[in-house]
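The values are calculated or read from the model by the stated rules, or taken from the named source; none is laboratory data. This one's a predicted model, so the numbers in the text were calculated from it and none came from an experiment. Heads up, the Cβs are rebuilt from the backbone with ideal geometry, glycines too, and the neighbour counts pull from every protein chain shown.
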Amino acid sequence: MTTIAVYFEDEKINTLSMDGELLLVVLSSVAQQEVENISANTKKGIAMKMSRGEMVGFARALGYNYDTETKTISINEEEAKIVRFIFDEYVKGNGARVIGHKLEDMGALTAYGCKHWQETTIIGIIRNEKYKGDLVQGKTFTVDPISHRRLENQGEVNKYVVKDHHEPIVSEEVWNKAQEILEKRSPSHSNPLVDPQQRTKFSRKYTFSCMLQCGFCQSTLTRRTRNHQTKYKQVVWHCVAATKGGKKKCPQCKAIPETVIEDAFVESFNLITDRHKEVLEEFWERIEETLHSKEVDAAAQKIKTDLAFLEKKNKRLLDMRLESKIDMNTYLAKDDELKKEIAKKRVELSKLQDTEKTEKEVRRHIDAMREYLKDAQPLKKFDCQVFESIVEKVFIGGYDENGNADPLKITFVYKTGFTDDKDGRDFKHSRRHIGGPKPKKLSQEADNEALEKLQLNDGDACGDCGSANSAELEKGRKSPCLSHFCGISLSEERGRCRFFF
């Protein structure tokens with residue numbers, strides 16, 4: 001095997017000689033150390049600038065212009081309109097994909113002049129704290145100067161936050177509301193309090209995304225489109241367990257049209273604003289009676305006092321050991337006993353603080369809903385902003401009083417804890433019969449003969465068109481409207497023509 005030598009002319013190093021190899025190793029180590037020193041000094045300089053509130057570098061942000069001389073940013077009004085539109089739509093309940101499509105229809109351009117809006121671009125704008133006037137630096141850090149690999153800063157190095165650094169584009173309230181919605185729509189892998197089997201991740205591309213929960217298996221509902229390439233296109237929501245695992249995973253569930261849920265909410269909301277305010281007020285008063293904020297606060301203060309006493313006692317124990325007033329075994333035994341008691345008190349304090357936080361959140365929801373319903377007007381059509389502001393979740397399907405499965409039962413759970421049940425059958429929209437042969441046209445004589453045989457009363461007339469319907473209605477069944485033979489059926493409870501569904 002042939003050996004090839006490398007000769008460095010400036011340093012006069014030959015890799016084949018023992019001295020040359022040793023010298024090469026030494027010089028390489030010195031060079032690497034020099035690089036690391038330069039990197040460390042550079043990092044210190046950048047950190048000092050950040051600590052003084054200076055802006056170090058600027059990544060292009062839609063809505064802002066950067067002045068390289070003064071190193072300040074100012075609002076670009078034309079782009080700021082797009083940013084405000086994004087935040088307004090997101091707070092209303094629209095997802096990133098829906099907002100992106102709207103921006104494309106408007107002809108809006110991204111910060112880099114692109115006509116197509118990615119979902120990640122929208123989410124990046126919503127996460128950016130610059131739009132509320134703050135500046136956060138040190139979001140990422142370089143691992144080492146050799147690989148130049150950058151990672152997200154999760155506490156490895158310092159972050160620098162400057163409040164009210166520049167003029168905001170959106171208010172802090174709007175930005176915080178957007179972050180609250182974004183947090184609900186984010187993965188929960190890092191949250192130890194959330195069961196990984198019941199993930200709360202959802203994209204919220206639509207208003208009902210991850211707001212609907214199956215009343216049988218507790219899974220979320222997924223959005224599906226039927227007959228999307230025909231004029232009979234229909235949007236429905238179906239249990240994700242049955243969708244992915246088959247009917248055997250959730251045999252009682254059924255797909256429910258989106259319009260049914262929307263109309264059910266409109267009726268539920270209108271009933272609350274119209275006749276049930278007194279009932280709700282009594283319900284809220286009963287909830288407030290169960291809250292014990294003062295007692296919880298007093299108990300928390302007592303535990304804090306006990307913790308301060310125990311920590312002081314533990315410090316005194318350490319002083320006694322240092323002064324050799326007690327032996328090591330006695331110190332370790334007493335120290336272990338005090339630490340266990342301190343840990344127990346801290347757990348109790350944490351539970352009380354969680355309870356206090358929950359009660360404050362309930363009170364806030366009650367006050368907000370009271371204020372909202374005080375002057376609220378009945379809805380004429382579904383409003384996604386109203387829905388998202390007062391509804392916690394919706395259960396689709398469940399069991400009636402007799403324990404029978406009802407796949408079209410709709411239960412709205414409001415943020416105050418109030419629940420309202422609706423029957424989805426009352427809100428099924430009419431649609432034309434898709435499958436099967438079209439009904440044959442009958443002559444006027446055959447039509448009259450059929451009506452005479454049925455011996456119909458005035459109460460059997462169709463509520464919409466006034467045409468007579470089959471006497472089978474008295475038996476609780478629906479039958480086609482005989483005068484038109486158009487596949488319309490009569491709804492006894494609503495008194496109007498409805499297509500077969």
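Are any residues in the range 1-11 surrounded by 11 or more Cβ atoms within 10 Å (Cβ to Cβ) and among the hydroxyl-bearing types (Ser, Thr, Tyr), and if so, which ones?
Tyr7
In the range 255-302, which residues are more than 29 Å from Trp237 (Cβ to Cβ) and either modelled with pLDDT of 80 or more or basic (Lys, Arg) (or both)?
Of everything in the range 255-302, those that are more than 29 Å from Trp237 (Cβ to Cβ) and either modelled with pLDDT of 80 or more or basic (Lys, Arg) (or both) turn out to be Lys277, Arg286, Lys294, Ala298, Ala299, Ala300, Gln301, Lys302.
If I filter the range 293-348 down to residues being of a type in the set (Ser, Thr, Tyr) and part of a helix (DSSP H, G or I), which single residue comes out as farthest from Glu361 (Cα to Cα)?
Step one: of the range 293-348, the residues of a type in the set (Ser, Thr, Tyr) are 293, 305, 324, 330-331.
Then drop every residue that is not part of a helix (DSSP H, G or I), which leaves 293, 305, 330-331.
Values: Ser293: 11, Thr305: 26, Thr330: 47, Tyr331: 44 Å.
Only one residue fits best here, namely Thr330.
What are the pairs with Cβ atoms under 8 angstrom where one residue, in the range 338-358, is in contact (Cβ under 8 Å) with a residue 60 or more places away in the chain and the other, located anywhere, is assigned to a helix (DSSP H, G or I) and not aliphatic (A, V, I, L, M)? Sequence gap at least six, or different chains.
Qualifying pairs under 8 Å: Glu356/Ser293; Glu356/Asp297.
Looking at the range 200-219, which of the residues that are within 11 Å of the chain's Cα centre (by Cα) and loosely packed, with under 15 Cβ neighbours inside 10 Å is modelled with the highest pLDDT?
Out of the qualifying residues, it is Ser203.
Give me the strands (runs of 3 or more DSSP E) completely within the range 129-170, filtered to those with at least 3 residues that are buried (at least 17 other Cβ atoms within 10 Å of the Cβ), of a type in the set (A, V, I, L, M) and assigned by TED's automatic domain parsing to the domain that holds Asn37, ordered by residue number. Give the derivation first.
Numbers: elements: 135-137, 140-142, 150-152, 160-162.
Once the strands (runs of 3 or more DSSP E) in the range 129-170 are filtered for at least 3 residues that are buried (at least 17 other Cβ atoms within 10 Å of the Cβ), of a type in the set (A, V, I, L, M) and assigned by TED's automatic domain parsing to the domain that holds Asn37, nothing remains.
So how many residues does the range 396-422 have that are at pLDDT below 90 and more than 28 Å from the chain's Cα centre (by Cα)?
Of the residues in the range 396-422, 4 are at pLDDT below 90 and more than 28 Å from the chain's Cα centre (by Cα).
Considering only the range 67-101, state which residues are touching a residue at least 40 places away in the same chain (Cβ under 8 Å), β-branched (Val, Ile, Thr) and in contact with a helix residue (DSSP H, G or I) (Cβ under 8 Å, 6 or more places away or on another chain). So that I can check it myself, show each step before the final result.
So the first thing to find is which residues in the range 67-101 are touching a residue at least 40 places away in the same chain (Cβ under 8 Å), and the list is 72-75, 80, 83-84, 86-88, 90-98.
The next check asks that each one be β-branched (Val, Ile, Thr); those that pass are 72-73, 75, 83, 86, 91, 98.
If the condition is that a residue be touching a residue at least 40 places away in the same chain (Cβ under 8 Å), β-branched (Val, Ile, Thr) and in contact with a helix residue (DSSP H, G or I) (Cβ under 8 Å, 6 or more places away or on another chain), then Ile73, Val83, Ile86, Val91, Val98 are the ones that fit.
For the range 113-128, which positions are small (Gly, Ala, Ser) and not in a helix (DSSP H, G or I)?
Gly113
Are there any pairs with C-beta distances below 7 angstrom linking a residue in the range 172-183 that is surrounded by 18 or more Cβ atoms within 10 Å (Cβ to Cβ) to a residue that is among the charged types (D, E, K, R), with the two at least 6 apart or on different chains, and if so which?
Pairs that qualify, where the first residue is surrounded by 18 or more Cβ atoms within 10 Å (Cβ to Cβ) and the partner is among the charged types (D, E, K, R), are Trp175/Lys132.
Just checking, does the range 423-430 include any residue being surrounded by 14 or more Cβ atoms within 10 Å (Cβ to Cβ), farther than 26 Å from Thr220 by Cα and modelled with pLDDT under 75?
There is at least one residue in the range 423-430 that is surrounded by 14 or more Cβ atoms within 10 Å (Cβ to Cβ), farther than 26 Å from Thr220 by Cα and modelled with pLDDT under 75.
Exactly one condition in (1) under 30 Å from Lys44 (Cβ atoms); (2) touching a residue at least 60 places away in the same chain (Cβ under 8 Å) is false for Lys163; which is it?
The number of the failed condition is (2).
Any idea how many residues of the range 135-160 are in contact with a Phe, Trp or Tyr (Cβ under 9 Å, 6 or more places away or on another chain), closer than 22 Å to Met48 by Cβ and touching a residue at least 12 places away in the same chain (Cβ under 8 Å)?
7
Residues Ile366, Ile434: which one is at pLDDT below 80 and surrounded by fewer than 17 Cβ atoms within 10 Å (Cβ to Cβ)? Outline the logic, then answer.
Working: Ile366 fails: surrounded by fewer than 17 Cβ atoms within 10 Å (Cβ to Cβ).
Testing whether each residue is at pLDDT below 80 and surrounded by fewer than 17 Cβ atoms within 10 Å (Cβ to Cβ) leaves just Ile434.
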